[in-house]
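A.B. asks: Below is one structure. I have some questions about it.
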Amino acid sequence: MKYLIPGLTGLFLFCNTWLADAQSNGKGAVRPPVHKKPAPVAAPAPAAAGLTVPSWLPADAPLHPAATILTDVVDTKLDVRFDYKKQHLLGTAILTLRSHFYPQSELTLDAKGFDIQKVELVGEKKKSLNYNYNRRKLVIALDHPYPRSTPYQVRIVYVAKPNELPQGGSAAITNDKGLYFINPLGVEKNKPRQIWTQGETESNSCWFPTIDKPNQRMTQEISMTVESQFKTLSNGLLTSSHANPDGTRTDTWKLTEPHAPYLATMVVGDFAVVSDSWHGKPLDYYVEPQYAGTARAVFGHTPEMLDFFSKKLGVEFPWPKYAQVAVRDYISGAMENTSASTFGSFVQATKRELRDANYQTSEYVVVHELFHQWFGDYVTCESWANLPLNESFADYSEYLWAERKYGDDEASLIQELKINNYLEEAVNKREPLIRYRYVNREDMLDRHSYDKGGRVLHMLRKYVGDDAFYASLNRYLTQNKLSAVEISKLREAFEETTGEDLNWFFDQWFLKRGHPELRITHTYANGQVALRVRQVQDTVFQPVYRLPVSVAVWTGSNQPTEHRITITKADQTFQLPASQKPVLVKFDNETQLLAQIDEERTQDELIFQFYHARNYQQKAEVMNLLQNKTDQLSVSSLMRNALNDKFWNVRRLALEHLRGYRGPEPTGMRKDIIRVATTDPNSRVRVQALKTLSAFPDGSYGDLYGAAVADSSILVSAAAIEILAKRPEANSKQQVAAIENTRSSPLILAIAKFYALNGRLDQYPWFLRRLPDVAEADLYGYFQAFGTLMSNIPPVERDKGLKILEDYARTYPRYEVRLGAYHGLALLVPSTPGLKATLQNIREKETDDKLKALYNLM
């Protein structure tokens with residue numbers, strides 16, 4: 001499913017940083033909480049008397065088994081055109097259907113918010129059919145019971161009205177109306193006219209009638225009539241395109257292999273299409289015309305990815321083409337529609353933006369959606385309870401690609417980030433990966449299904465070995481191709497390949513909640529290391545885990561002795577031979593476990609670990625544990641050496657821990673940091689070096705920051721501007737003004753922060769003028785900067801800005817943007833009579849449960 005972009009966590013972290021900055025400058029900012037548990041929607045399940053129920057145990061939720069199949073949707077043919085003014089779809093659907101097993105005399109379809117104009121049986125003679133419709137379900141009375149041996153066709157003429165549906169959505173997918181008109185009348189500056197769809201989880205039935213469940217599979221043909229200047233995209237191949245007498249054009253796209261209804265897609269817009277190919281199959285990259293020159297750089301690794309995964313899996317990419325399209329105002333990160341993935345516009349980039357190393361993030365979104373073409377599209381979860389069968393694999397593909405393309409350290413960094421993502425969620429939520437009880441099916445789109453699931457697959461790979469892992473995946477894909485499955489099919493594929501019963505692994509990792517919490521200690525005596533492992537997690541609600549793991553015993557600076565052990569008890573001690581007292585005993589030496597590990601080591605052992613680390617995570621662990629000891633020579637030397645490490649994030653992390661360094665040799669250390677700030681090849685490292693220098697209380701680096709404003713990297717330039725916002729030099733305002741017309745949204749946001757703290761009435765028109773150019777992801781911060789600027793101008797001048805913020809806070813589709821506008825208004829409460837009542841009214845009329853909970857926490 002969609003690429004999960006962590007939302008509120010990053011949002012809150014940004015919000016805290018920015019608002020803290022505003023407060024430090026005397027602004028009345030509203031500070032949202034970080035890492036606090038939101039108010040529960042229901043109490044946890046009751047427990048026996050005297051039993052302490054952990055806060056992360058969810059309340060009882062309804063049971064959601066796989067949908068019972070009475071009728072199969074065999075094929076869907078759609079003929080659609082669009083009313084841009086009303087934002088309606090005018091459609092005709094011809095569905096080919098078959099009774100699944102038992103004869104059926106009634107057909108029930110999902111059809112949300114339609115005007116139904118005609119329902120008829122298609123045959124030698126068309127026959128009108130009686131139906132009942134409640135604007136959610138269309139129940140059609142067939143002319144007689146149909147056995148499973150006799151397919152039949154139903155024709156439905158309808159109007160879809162997505163904007164008239166009740167607003168829904170989730171943290172992962174912020175809206176669920178299925179069909180979206182972007183700037184339909186062309187009145188919004190700098191925004192193209194587009195139409196696109198988003199089907200997961202069950203939103204495609206907002207624009208065509210179907211049985212909207214993941215255990216359905218259908219072939220498909222979609223004919224779209226559009227204005228002649230627009231390009232179209234759908235699943236499968238473009239089989240015809242013809243001009244119409246009225247100046248429109250009708251394109252027909254056909255998919256001859258069956259897929260789930262939620263994977264159907266349509267996109268219409270003014271795109272540049274950059275063409276590529278792989279093994280004779282077309283690869284097309286759809287972008288806005290101004291990005292045509294960089295589209296191949298953004299999506300250009302796709303052929304190499306296809307090679308890599310096709311060979312590893314032993315199953316060649318299974319669809320006739322692969323297209324990737326970037327659209328405006330997308331409601332999630334990306335979506336793996338069969339043979340035609342959709343991405344938010346964040347993947348588009350200018351040449352300058354491509355210079356930033358962090359643009360590699362988009363590459364991982366590309367690989368994530370591509371891997372779904374096997375895991376999710378070719379083989380699909382039969383129910384949303386089994387969603388990790390889609391998302392765990394797509395998530396793990398990011399690790400596999402990093403390992404293949406960029407090496408072990410980059411893969412290790414991904415492993416660290418993903419584990420931390422899951423553990424952060426696990427503070428307030430612990431569920432089985434495969435779970436049939438949930439409140440809303442989109443609850444499944446969480447860090448369990450993505451981040452935890454990917455790490456579980458990594459442990460499975462490490463346990464069975466690479467050859468068995470990929471052979472098992474080949475078996476799983478070939479035995480279950482073009483079908484919907486549950487978790488047992490994956491377990492059976494691994495068991496049939498390896499010959500081992502793996503119920504223990506799948507039970508504890510897929511079907512039970514939680515994760516191991518381990519405390520590791522060791523002693524040495526009589527030629528043996530006594531390694532004690534205690535599982536201290538709450539084992540009433542979580543299992544005692546079986547954990548195969550490696551332990552490295554270093555008795556010198558050469559290679560360690562590695563021991564394979566299997567933990568099976570809550571408290572277990574292992575005796576490991578060692579010829580002398582070890583200089584380091586490293587538990588989980590392969591850094592594979594998904595666990596919280598409290599491992600006792602001395603400072604000398606930690607320093608030894610850093611210089612003999614097996615991967616990035618082992619170095620990062622040491623730097624994190626020693627970050628508050630940089631006043632000690634051995635630790636400051638370690639951090640200084642880390643500035644020369646071959647892996648960029650080791651250098652960046654060392655710089656992060658050197659903020660405010662007060663240890664020995666401050667002059668030499670600062671020279672090293674300045675060198676990194678000006679010469680490091682990685683822009684993320686240069687950014688951190690600038691931030692570290694800015695944390696030093698003495699020293700003048702104004703020239704350095706001024707030069708960085710003109711850096712080739714947008715990230716570096718933006719960081720320098722934000723530093724100068726808080727400590728401006730005499731010429732800073734002129735330097736910022738010289739680039740204030742940039743088209744880069746991150747730079748616009750940085751300039752907004754500068755003007756918020758250093759501007760006055762003269763900059764107010766700039767905020768109004770640049771608002772249309774701000775990317776949706778940056779609006780949260782932009783509105784708070786705007787509110788801060790307005791607090792520095794006369795109240796009589798604020799009316800237009802206040803109206804803009806209020807409109808966004810009340811009506812903008814994305815809740816985090818509404819939250820940012822609300823915060824911008826809140827900054828003005830002390831100097832704006834009546835605004836407090838406006839904010840109260842906004843809170844009272846808010847319908848989004850997530851946002852209401854956030855307001856309650858403020």
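The values are calculated or read from the model by the stated rules, or taken from the named source; none is laboratory data. Everything numeric here is computed off the predicted structure, so don't read it as measured data. Here Cβ is always computed from backbone atoms with ideal geometry, including for glycine, and neighbour counts include all displayed protein chains.
A.B. asks: Mind telling me which of the residues 604, 672, 631, 598 ends up being exposed (fewer than 14 other Cβ atoms within 10 Å of the Cβ) and in a helix (DSSP H, G or I)?
C.D. replies: On the way: 672 fails: exposed (fewer than 14 other Cβ atoms within 10 Å of the Cβ); 631 fails: in a helix (DSSP H, G or I); 598 fails: in a helix (DSSP H, G or I).
The unique qualifying residue is 604.
Listed here are the residues, each with its yes/no results for (1) surrounded by fewer than 18 Cβ atoms within 10 Å (Cβ to Cβ); (2) farther than 20 Å from residue 640 by Cα; (3) not acidic (Asp, Glu).
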{"position": "664", "(1), (2), (3)": "yes, no, yes"}
{"position": "681", "(1), (2), (3)": "yes, no, yes"}
{"position": "700", "(1), (2), (3)": "yes, yes, yes"}
{"position": "717", "(1), (2), (3)": "no, yes, yes"}
{"position": "757", "(1), (2), (3)": "no, yes, yes"}
{"position": "761", "(1), (2), (3)": "yes, yes, yes"}
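A.B. asks: Right, here's the next one. If residue 195 satisfies all but one of (1) assigned to a loop (DSSP other than H, G, I, E, B); (2) modelled with pLDDT of 95 or more, what's the number of the condition it fails?
C.D. replies: For residue 195, the failing item is (1).
A.B. asks: If you go through the stretch 607-628 one residue at a time, how many are more than 20 Å from residue 414 (Cα to Cα), buried (at least 16 other Cβ atoms within 10 Å of the Cβ) and free of Cβ contacts under 8 Å to residues at least 40 places away in the same chain?
C.D. replies: Taking the stretch 607-628 as the starting set, the residues that turn out to be more than 20 Å from residue 414 (Cα to Cα) are 607-609, 611-612, 626-628.
Subsequent filtering for residues that are buried (at least 16 other Cβ atoms within 10 Å of the Cβ) retains 607-609, 612, 626-627.
Among the residues that remain, those that are also free of Cβ contacts under 8 Å to residues at least 40 places away in the same chain are: 607, 609, 626-627.
Selection size over the stretch 607-628: 4.
The rows are residues; the columns are (1) in contact with a Ser or Thr (Cβ under 9 Å, 6 or more places away or on another chain); (2) closer than 21 Å to residue 113 by Cβ.
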{"position": "205", "(1), (2)": "no, yes"}
{"position": "212", "(1), (2)": "yes, yes"}
{"position": "219", "(1), (2)": "yes, no"}
{"position": "228", "(1), (2)": "yes, no"}
{"position": "241", "(1), (2)": "yes, no"}
{"position": "248", "(1), (2)": "yes, no"}
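A.B. asks: Sticking with this one: Please pick out the residue among 771, 749 that is buried (at least 21 other Cβ atoms within 10 Å of the Cβ) and farther than 21 Å from residue 856 by Cβ.
C.D. replies: Testing whether each residue is buried (at least 21 other Cβ atoms within 10 Å of the Cβ) and farther than 21 Å from residue 856 by Cβ leaves just 749.
A.B. asks: Right, something else. Report yes if residue 844 is closer than 30 Å to residue 181 by Cβ, crowded, with 17+ Cβ neighbours inside 10 Å and of a type in the set (D, E, K, R), otherwise no.
C.D. replies: no
A.B. asks: List pairs: first residue in the stretch 725-753 and more than 21 Å from residue 290 (Cα to Cα), second residue among the basic types (Lys, Arg) anywhere in the structure, Cβ distance under 6 angstrom, at least six positions apart or on different chains.
C.D. replies: Every condition considered, the pairs that remain are 725/753.
A.B. asks: Which residues, counting only those in the stretch 450-484, are within 17 Å of residue 399 (Cα to Cα) and not in a helix (DSSP H, G or I)?
C.D. replies: Result: 465, single match.
A.B. asks: Taking the condition without any contact (Cβ under 8 Å) to a residue 40 or more places away in the chain and either small (Gly, Ala, Ser) or assigned to a strand (DSSP E or B) (or both), does residue 534 pass? Let's see the steps before the verdict.
C.D. replies: Numbers: without any contact (Cβ under 8 Å) to a residue 40 or more places away in the chain: yes; either small (Gly, Ala, Ser) or assigned to a strand (DSSP E or B) (or both): yes.
Considered against the rule, which asks whether it is without any contact (Cβ under 8 Å) to a residue 40 or more places away in the chain and either small (Gly, Ala, Ser) or assigned to a strand (DSSP E or B) (or both), residue 534 comes out as yes.
A.B. asks: Those residues that are crowded, with 19+ Cβ neighbours inside 10 Å, out of contact with any helix residue (DSSP H, G or I) (no Cβ under 8 Å at 6 or more places or on another chain) and over 15 Å from residue 463 (Cα atoms), I need them from the stretch 485-512; list them, please.
C.D. replies: Those that are crowded, with 19+ Cβ neighbours inside 10 Å, out of contact with any helix residue (DSSP H, G or I) (no Cβ under 8 Å at 6 or more places or on another chain) and over 15 Å from residue 463 (Cα atoms): none in the stretch 485-512.
A.B. asks: Taking the stretch 171-216 as the region of interest, how many residues are surrounded by 20 or more Cβ atoms within 10 Å (Cβ to Cβ), under 22 Å from residue 775 (Cβ atoms) and of a type in the set (Gly, Ala, Ser)?
C.D. replies: 1
A.B. asks: In the stretch 294-315, is there at least one residue being over 18 Å from residue 362 (Cα atoms), of a type in the set (A, V, I, L, M, F, W, C) and part of a loop (DSSP other than H, G, I, E, B)?
C.D. replies: yes
A.B. asks: Counting only residues that are in a loop (DSSP other than H, G, I, E, B), among the β-branched types (Val, Ile, Thr) and surrounded by 14 or more Cβ atoms within 10 Å (Cβ to Cβ), which one in the stretch 537-567 is modelled with the highest pLDDT?
C.D. replies: 544
A.B. asks: Would you call residue 827 surrounded by 19 or more Cβ atoms within 10 Å (Cβ to Cβ) and within 26 Å of the chain's Cα centre (by Cα)?
C.D. replies: Working: surrounded by 19 or more Cβ atoms within 10 Å (Cβ to Cβ): yes; within 26 Å of the chain's Cα centre (by Cα): no.
Spelling it out, it is not the case that residue 827 is surrounded by 19 or more Cβ atoms within 10 Å (Cβ to Cβ) and within 26 Å of the chain's Cα centre (by Cα).
A.B. asks: Just wondering, is there one or more residues in the stretch 238-256 that are in a loop (DSSP other than H, G, I, E, B), in contact with a strand residue (DSSP E or B) (Cβ under 9 Å, 6 or more places away or on another chain) and either modelled with pLDDT under 95 or β-branched (Val, Ile, Thr) (or both)?
C.D. replies: The answer is no, given that none of the residues of the stretch 238-256 is in a loop (DSSP other than H, G, I, E, B), in contact with a strand residue (DSSP E or B) (Cβ under 9 Å, 6 or more places away or on another chain) and either modelled with pLDDT under 95 or β-branched (Val, Ile, Thr) (or both).
A.B. asks: Okay, moving on. In the list 437, 430, which residue meets the criterion of being outside the structural domain of residue 564 (by TED's automatic domain parsing) and either of a type in the set (A, V, I, L, M) or over 25 Å from residue 548 (Cβ atoms) (or both)?
C.D. replies: Of the residues listed, the single one that is outside the structural domain of residue 564 (by TED's automatic domain parsing) and either of a type in the set (A, V, I, L, M) or over 25 Å from residue 548 (Cβ atoms) (or both) is 437.
A.B. asks: Does residue 431 meet the test of being modelled with pLDDT of 95 or more, more than 25 Å from residue 361 (Cα to Cα) and buried (at least 22 other Cβ atoms within 10 Å of the Cβ)?
C.D. replies: Yes; evaluated as a whole, the condition is true for this residue.
A.B. asks: Listed residues 383, 341, 310; which is touching a residue at least 40 places away in the same chain (Cβ under 8 Å) and not hydrophobic (A, V, I, L, M, F, W, C)?
C.D. replies: Within the list 383, 341, 310, the selection yields 383.
A.B. asks: Residues that are under 33 Å from the mean Cα position of the chain (by Cα): which strands (runs of 3 or more DSSP E) entirely in the stretch 82-165 hold 3 or more of them?
C.D. replies: 88-99
A.B. asks: What is the residue count in the stretch 211-236 for residues that are more than 30 Å from residue 67 (Cβ to Cβ) and either outside any loop (DSSP other than H, G, I, E, B) or in the same structural domain as residue 385 (by TED's automatic domain parsing) (or both)?
C.D. replies: Residues that pass the stated criteria total 5.
A.B. asks: Cβ contacts < 6 Å: first residue within 20 Å of residue 306 (Cα to Cα), restricted to the stretch 277-295; second residue of a type in the set (S, T, N, Q) and assigned to a helix (DSSP H, G or I), any location; separation 6+ or different chain. Result?
C.D. replies: 283/302
A.B. asks: Inside the stretch 231-281, can you point out the residues that are aromatic (Phe, Trp, Tyr) and crowded, with 20+ Cβ neighbours inside 10 Å?
C.D. replies: Correct list: 253, 262, 271.
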